[in-house]
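Structure first, then comments.
The values are calculated or read from the model by the stated rules, or taken from the named source; none is laboratory data. Everything numeric here is computed off the predicted structure, so don't read it as measured data. Quick reminder, even Gly has a Cβ in these numbers, built from the backbone with ideal geometry, and neighbours come from all protein chains shown.
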Amino acid sequence: MQDQGAEFESRILRDDEIIPILIDKLIEEAKELQKVDPKDKKKFREEMADIKTVLKNIGESNDITEEELNEEAKQKKEKLGDFSERIFVEKAGIEENDPWLEYYRNNYKKVE
């Protein structure tokens with residue numbers, strides 16, 4: 001930033017500040033990616049790189065290595081799948097006492 005002529009003040013974040021701030025940064029970067037036309041490969045790739053960098057910083061700040069994260073992702077993919085085949089579950093039966101029910105109620109957003 002300083003190389004570009006911007007003036008700013010900075011400080012070293014405390015341990016209790018870093019992860020919440022990085023999560024806010026991750027959300028900011030995801031919103032920026034959401035605004036980019038996927039056909040603009042250069043800009044889309046830049047925003048994806050920003051997200052990857054923030055995720056790496058979150059992991060490092062919580063003593064999670066990239067290898068551990070990759071292994072976790074692999075296990076989740078084996079158990080739950082992913083979007084590599086573009087399959088999107090629009091409706092699923094679920095029992096009232098299933099712990100996922102509360103998650104879906106709080107996090108589900110209909111894709112139109």
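Please list, ordered by first then second residue, the pairs with beta carbon atoms under 8 Å, 6 or more apart or interchain, first in the range 51-67 and over 9 Å from LEU26 (Cβ atoms), second of a type outside the set (Phe, Trp, Tyr) and exposed (fewer than 13 other Cβ atoms within 10 Å of the Cβ).
Filtered contacts from the range 51-67: LYS56/GLU66; GLY59/THR65; GLY59/GLU66; GLY59/GLU68.
Which one of ALA73, ALA30 is loosely packed, with under 13 Cβ neighbours inside 10 Å, more than 21 Å from ASP15 (Cα to Cα) and at pLDDT 90 or above?
ALA73
Given the structure, is ILE21 outside any helix (DSSP H, G or I), farther than 25 Å from ASP82 by Cβ, modelled with pLDDT of 95 or more and among the β-branched types (Val, Ile, Thr)?
Answer is no for this residue.
Taking the residues in the range 47-69 that are surrounded by fewer than 15 Cβ atoms within 10 Å (Cβ to Cβ) and of a type in the set (Val, Ile, Thr) as candidates, determine which candidate is nearest to VAL36 (Cα to Cα).
Residue satisfying both the conditions and the ranking: THR53.
Being at pLDDT 85 or above, acidic (Asp, Glu), assigned to a loop (DSSP other than H, G, I, E, B) and within 30 Å of GLU17 (Cβ to Cβ) is true for just one of ASP63, ASP82. Which residue is that?
ASP63
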